1. Enumerate the pairs (first residue in the stretch 314-334 and surrounded by 18 or more Cβ atoms within 10 Å (Cβ to Cβ); second residue anywhere and among the hydroxyl-bearing types (Ser, Thr, Tyr) and not in a loop (DSSP other than H, G, I, E, B)) with beta-carbon separation below 8 Å, excluding pairs fewer than 6 apart on the same chain, so at least 6 apart or on different chains.
2. Would you pick out the residues in the stretch 114-130 that are among the hydrophobic types (A, V, I, L, M, F, W, C) and either in contact with a His (Cβ under 7 Å, 6 or more places away or on another chain) or closer than 29 Å to ASP215 by Cα (or both)?
3. Given the structure, is ASP390 under 35 Å from the mean Cα position of the chain (by Cα) and either touching a residue at least 12 places away in the same chain (Cβ under 8 Å) or over 27 Å from VAL250 (Cα atoms) (or both)?
4. Please pick out the residue among LYS50, LYS65 that is in contact with a strand residue (DSSP E or B) (Cβ under 7 Å, 6 or more places away or on another chain), among the charged types (D, E, K, R), outside the structural domain of ASP243 (by TED's automatic domain parsing) and in contact (Cβ under 8 Å) with a residue 24 or more places away in the chain.
5. Just one of (1) surrounded by 15 or more Cβ atoms within 10 Å (Cβ to Cβ); (2) free of Cβ contacts under 8 Å to residues at least 12 places away in the same chain; (3) not small (Gly, Ala, Ser) trips up PRO92, so point out which.
6. Checking the condition surrounded by 16 or more Cβ atoms within 10 Å (Cβ to Cβ) and either in contact (Cβ under 8 Å) with a residue 60 or more places away in the chain or of a type in the set (Phe, Trp, Tyr) (or both), which residue from ILE396, ILE356 passes?
7. From ALA304, ALA388, ALA384, ALA351, which residue is crowded, with 21+ Cβ neighbours inside 10 Å and assigned by TED's automatic domain parsing to the domain that holds VAL272?
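The values are calculated or read from the model by the stated rules, or taken from the named source; none is laboratory data. Values in this document were obtained by computation on a predicted structure and should not be read as measured data. When we count neighbours, we look across all protein chains shown, and the Cβ atoms used for this are built from the backbone with ideal geometry, even at glycine.
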Amino acid sequence: MNLHEYQGKEMLAGFGVAIQRGIVAKTATEAVAAAKQLTETTGTDWHVIKAQIHAGGRGKGGGVKLAKNLSELETLADQIIGMQLITPQTPPEGKKVNQVLIAEDVYYPGASEPSEYYMSVLLNRASGKNMIMYSTEGGMDIEAVAEATPHLIFTEEVDPALGLLPFQARKIAFNLGLSGAAFKDMTKFVSALYKAYMGSDASLFEINPVLKTSDDKIIAVDAKVTLDDNGLFRHKELEALRDLSEENSVEVEAREVGLNYVDLDGNVGCMVNGAGLAMATMDLIKQAGGDPANFLDVGGTADAARVETAFRLILKDPEVKAILINIFGGIVRCDRVAQGIVDAYKNLGDAIQVPIIVRLQGTNADIAKELIDNSGLNVLSATAFQEAADKVQEAIT
C-alpha cells in the first residue's frame, strides 16, 4: 500500500523525523488559505506546490512548482489541480491530480549552502537484513546515480534482532561528509527514520531529498512510503489512509471479493489456484510465446460464483486474447471446478469472446476433462503442461 507524500510525512513526524511542513489542499482557494496558515507558523513567504499522486518524478512532469507570492500560488495551484500528470513512473496516460501539498520553502538563505542527500530503508532479501541505502547525490534519480557513479551509493545493513546501533547512524553521517550540528542532527534523523520503518511495518521508505538546510538542520523534503499489506491488520489507522482512486480499479475490485489479482501488460489471462502454480503458469505462457495479462489466484474454493467473478475481472482487460485456467485439484475436486467453469461460462454468455484453455489435474481430473469436452462450449481441455502451452500458442497466433 502506497501513501501520498503528505501522509508519509505526517507518519514520519509521529516517529520524530524532522519534515518539511505543509498542508494539503484540494482547490486553489484552499491552497491560498494553507499558504497563509504556513506563513503564520513558519514565517516563510515562498511556498512549494506539490502534486499528490502515487508516482515519482513529479517535478519533471510539471507537478512541483515554487510560488513567490499568494497570487502566483493561486494560479499555479489552479493549473496543477485537475491536470493529467505524466511522469516516468505513471502509465502513458498519466494520473489525475486531485490534491496538492502546499509546503514551506526550506531553501532559505543562511550561514552555509544547503545540501541534498538520498536515503531509503528497505529489506535486503539476499541477506535477510534491513538495509539503509544513502548517497550524497540527493534530488536525482537513484538509478541514474547507480549507473553513472556507483561509488557514491552507500549501504548499511541492520540486523532486525539488534536494531540500528548508534555507531551505524554515526557511520552514515560520516560517509555523507557531515560535521558539527549537521552530523548530530543526521544521526538523530537516521535513527528516527529506521524506527518509523520498523514501527509501521513498511516495505520501503525513500526520502529524496534529505536536506541539510543552510543552518545545519536535517529534514525530509519528500517521502515515498510503501507499507506491507500483510502488516496492516496491526495498523488500522494507516489502512484508513488508502487512496483507492490511485490504485488499479480491477485490483481494488478483486481485493473486495477476496481474490489475489495483479494486473499485468500481457495478452493471456491466467486463472490458477495457488501462488506457486500461478508463477509456473506465467512461465508457461511466456514459453508459449505469449505474455501473462494478470496474476490471479482463486484459492482453494474455485466454485462457479468464484470462477465467474474471476472471468469478469480478466475480461475487463481488452488486450486479453486467450484465457488459461490451470487448476490442481487437491482440496477442491477437479470435477467441481470443471462444472463451475461450465456454469460460469453459460452465465456470462456473449461476454466471453476469447478461447479458453483449461488444464485440470488432481482428484477426478478424468471426470473434469470429460465435462469440459462434452460442454459444447469454446473451451479446450489439456492434461499436460506442454499440451496447455501448445493450445495457448494456437489461440494467440
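1. Cβ pairs passing all conditions: LEU324/THR281; ASN326/THR281.
2. The initial filter retains those residues of the stretch 114-130 that are among the hydrophobic types (A, V, I, L, M, F, W, C), namely 119, 121-123, 126.
Scanning the stretch 114-130 gives MET119, VAL121.
3. Details: under 35 Å from the mean Cα position of the chain (by Cα): yes; either touching a residue at least 12 places away in the same chain (Cβ under 8 Å) or over 27 Å from VAL250 (Cα atoms) (or both): yes.
Answer is yes for this residue.
4. Details: LYS65 fails: in contact (Cβ under 8 Å) with a residue 24 or more places away in the chain.
Matching residue, one of LYS50, LYS65: LYS50.
5. Failing condition for PRO92: (1).
6. On the way: ILE356 fails: either in contact (Cβ under 8 Å) with a residue 60 or more places away in the chain or of a type in the set (Phe, Trp, Tyr) (or both).
After ruling out the rest, the residue left standing is ILE396.
7. Details: ALA304 fails: crowded, with 21+ Cβ neighbours inside 10 Å; ALA384 fails: crowded, with 21+ Cβ neighbours inside 10 Å; ALA351 fails: crowded, with 21+ Cβ neighbours inside 10 Å.
Residue meeting the stated conditions: ALA388.
Let's see how each residue does on (1) buried (at least 16 other Cβ atoms within 10 Å of the Cβ); (2) of a type outside the set (Asp, Glu); (3) in contact with a His (Cβ under 9 Å, 6 or more places away or on another chain); (4) farther than 21 Å from LYS321 by Cβ:
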site	(1), (2), (3), (4)
ARG242	yes, yes, no, yes
VAL252	no, yes, no, yes
VAL257	no, yes, no, yes
ASN267	yes, yes, no, no
THR281	yes, yes, no, no
ALA288	yes, yes, no, no
